[in-house]
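Novice: This is the structure, below, for whatever I ask next.
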Amino acid sequence: MSTYLLIHGDWHGGWCWNRLAPLLRQAGHHVLAPDLPGHGQNHTPLTTLTPQSSLNFLLELLDVQNEPVILVGHSSGGILLTLLAERRPEKIKLLVYLSAFLLPPGIWPRSLARQDTESLLPFALLVDQERQVVTVKPEAAREVFYADCTDEEADWATSLLVPEPLRMKAPEVAPTPVDTPEISLPRVYISCLQDRALGPSLQQKMYTALPCQKVYTLSTSHSPFLSAPDQLATCLLDLNSI
């Protein structure tokens, strides 16, 4: 039996794994799908969040695990994967980047995203300078995140999206690559070929620059945990053979 720790991306919450987690549990595994601070049912005020908030939250969660976990990060959750790998390598069995940012040291999504000509995300964002938050326009969320989901699934997910603090876009810490001498952890990439939030070409560029032990491809949008949970579960369950 393995323990999967599923880390959601920006604007989302642990709810995004609701269709996937039961499939992993039915296969006999333990699944953790927490809400990061300020997301989902975690109502930490946005004004109190810092770039360290989610990292510290996840470090505490890792520290109480009895055995190393399979760490899965979606989208911006990939940044947290790399930071966690640097700080708690002994608590991690495998790193799984699901249509996620896999970055070398000193590189952050904002600089890399400028190269992403396939992404529609920049056109879907609404910046509120008064509240100091950035939100996803509800009318654009379907096309960007949930293009291959049913109307019901897309509407449900869109209704649960939350704002992200603007100041969270200027992190205080930079990731160290997971293949430094201090960290030797296997990593896997799951690429979504119809992704309009994080373009497939940029995904390929990242997992080519920082090679992974295995690369899976899914013909889905940015959210296979909703549109193709069975296919995603098959990939994640296959990881137990690595």
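The values are calculated or read from the model by the stated rules, or taken from the named source; none is laboratory data. Bear in mind that the values here come from a model prediction, so they are computed numbers and not experimental data. Note: ideal-geometry Cβ built from the backbone for every residue, glycine included; neighbour counts use all protein chains shown. These area figures cover heavy atoms from the full protein model, side chains too; ligands, DNA and RNA do not enter into them. Shrake-Rupley method; radii C 1.70, N 1.55, O 1.52, S 1.80 Å.
Novice: Would you grab the residues whose amide H sits under 5 Å from the one on LYS93? Only those 5+ places off in sequence or on another chain, please, with H modelled 1.01 Å from N.
Specialist: VAL69, ILE70, LEU71
Novice: I want the local charge near SER2. Using Cβ-Cβ distances under 10 Å, sum +1 for each Lys or Arg and -1 for each Asp or Glu among the other residues.
Specialist: Working: positive: LYS93; negative: GLU67.
Within the 10 Å Cβ shell, the charges total 0.
Novice: Something else now. In terms of the Cα gyration tensor, with a ≥ b ≥ c the square roots of its eigenvalues, is the chain rounded because a/c is under 1.5, prolate because a/b exceeds b/c, or oblate?
Specialist: Numbers: a/c = 1.29, a/b = 1.17, b/c = 1.10.
Judged from the Cα gyration tensor, the chain comes out rounded (a/c under 1.5).
Novice: Next question, about the same structure. Any idea of the accessible area per residue across the chain, 1.4 Å probe, to the nearest Å²? Don't jump to the answer; show the numbers that get you there.
Specialist: On the way: 10670 Å² over 242 residues.
About 44 Å² of surface per residue is accessible.
Novice: Convert each backbone phi in the stretch 112-118 into a coupling constant with the Karplus relation 6.51 cos²θ - 1.76 cosθ + 1.60 (shift: θ = phi - 60°), then list the ³J(HN,Hα) values in order as whole Hz, x for Gly and Pro.
Specialist: Running phi through 6.51 cos²θ - 1.76 cosθ + 1.60 with θ = phi - 60° gives 6, 5, 5, 8, 8, 7, 8 Hz.
Novice: Right, something else. List nothing, just return the count: lysine pairs in the chain, 8 or more apart or interchain, with Cα separation under 27 Å. If you can, show how the numbers build up before the last one.
Specialist: On the way: LYS91/LYS214; LYS93/LYS205; LYS93/LYS214; LYS137/LYS169; LYS169/LYS205; LYS205/LYS214.
Lysine pair count for the chain: 6.
Novice: Defining a contact as two alpha carbons under 8 Å apart and six or more residues distant in sequence, what relative contact order in percent does the chain show?
Specialist: 23 percent
Novice: Using a cut-off of 14 Å between beta-carbons, work out the net charge of the residues near ASP63 (Lys and Arg +1, Asp and Glu -1, ASP63 not included). Before the final figure, lay out the partial values.
Specialist: Values: positive: ARG87, ARG88, LYS91; negative: GLU60, GLU67, GLU90.
With Lys, Arg at +1 and Asp, Glu at -1, the net is 0.
Novice: Ignoring ligands, DNA and RNA, how do PHE101, PHE57 rank by accessible area with a 1.4 Å probe, largest first? Spell out each step's value before the answer.
Specialist: Details: PHE101 25, PHE57 65 Å².
From most accessible down to least: PHE57, PHE101.
Novice: What is the distance in Å between the Cα centres of the stretch 114-135 and the stretch 147-167?
Specialist: 14 Å
Novice: In the chain, what percentage of the DSSP-assigned beta bridges are antiparallel, given to the nearest 5? Don't jump to the answer; show the numbers that get you there.
Specialist: Details: 6 of 28 bridges.
About 20 percent, rounded to the nearest 5.
Novice: Calculated FRET efficiency, HIS43 and ARG87, Cβ-Cβ r, R0 22 Å, to nearest 0.05?
Specialist: On the way: r = 26 Å, r/R0 = 1.18.
Given R0 = 22 Å and the Cβ-Cβ separation, E is 0.25.
Novice: With label points built 7 Å along Cα→Cβ from the Cα atoms of ARG25 and GLN52, find their separation and express it in nm.
Specialist: 3.4 nm
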